[in-house]
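See structure below.
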Amino acid sequence: MSGLDASEITEAYNDVRNDKKETNWMLISHAAAAGNTLALSRKGTGGIAEMAAALDDSEVQYGYVRVEYANDKESTRVKFVLVVWIGESTKVMRKARVSVESGDVKRVLSHHSIAITASDRSELEEKDMVTRLRKAGGADYNGGRG
């Protein structure tokens with residue numbers, strides 16, 4: 001599976017999903033040293049903003065991030081977002097492989113509420129993600145206030 005079965009990826013994925021772990025995002029990139037296979041490149045605790053800052057404009061990368069938001073005054077929701085990053089400077093042939101490769105990634109990082117394909121960091125604003133997650137989640141206990 002081109003590196004996606006690596007234990008580091010599975011461990012980072014489980015950490016992002018675990019309520020007791022601080023890790024809330026991970027990033028999978030092509031590792032030239034490993035025969036250009038997909039490998040865990042970074043993980044962190046700073047949420048979507050930190051993950052977006054780690055993206056490379058010349059690469060295709062796959063991010064997985066935990067998003068927590070207030071549902072109403074008494075409760076919060078935790079949802080997961082898969083980000084398919086296609087940097088603006090990515091070579092054409094590399095972009096062409098994304099459709100097949102992203103299917104493999106989606107099978108490994110299977111538990112996500114929404115998937116976002118982005119090529120500009122402005123497409124990865126947390127407030128916009130929360131709005132999309134509320135719409136995808138069905139019931140909106142926030143009275144449509146986003």
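Taken per residue, the accessible surface of the chain reaches 54 Å², heavy atoms only and a 1.4 Å probe. Here the accessible area of segment 1-107 is 49 percent carbon and sulfur, with a 1.4 angstrom probe and all protein chains present. The largest accessible area among GLU125, GLU59 belongs to the first residue in GLU125, GLU59, and the rest follow in falling order (1.4 Å probe, all chains). Ordered from largest to smallest accessible area (heavy atoms of protein chains, 1.4 Å probe), the residues ARG17, ARG132 come out as ARG132, ARG17. Rounded to whole numbers, the Karplus 3J(HN,Hα) couplings from phi for segment 119-131 are 10, 9, 4, 5, 7, 10, 6, 4, 5, 5, 5, 4, 4 Hz, using 6.51 cos²θ - 1.76 cosθ + 1.60 with θ = phi - 60°, and x at Gly and Pro. Put simply, the amide H of ARG42, placed in the peptide plane, has neighbours under 5 Å in LEU27, leaving out anything fewer than 5 places away on its chain.
Rounded to the nearest 500, the 222 nm mean residue ellipticity of the chain from helices alone is -9000 deg cm²/dmol, with -39,500 (n - 2.57) taken per DSSP H run of at least 4 residues. At a Cα cut-off below 25 Å, give the lysines reachable from LYS135, other chains included and same-chain residues fewer than 8 away excluded. Straight-distance partners of LYS135: LYS73, LYS79, LYS106, LYS127.
In order along segment 48-56, the Karplus-derived 3J(HN,Hα) couplings, from 6.51 cos²θ - 1.76 cosθ + 1.60 at θ = phi - 60°, round to 4, 5, 5, 5, 4, 5, 7, 5, 9 Hz, and Gly and Pro are given as x.
The values are calculated or read from the model by the stated rules, or taken from the named source; none is laboratory data. Keep in mind the model is a prediction, meaning the values are calculated, not measured. To get the accessible areas, we keep the full protein, side chains included, count just its heavy atoms, and leave off ligands, DNA and RNA. Shrake-Rupley method; radii C 1.70, N 1.55, O 1.52, S 1.80 Å.
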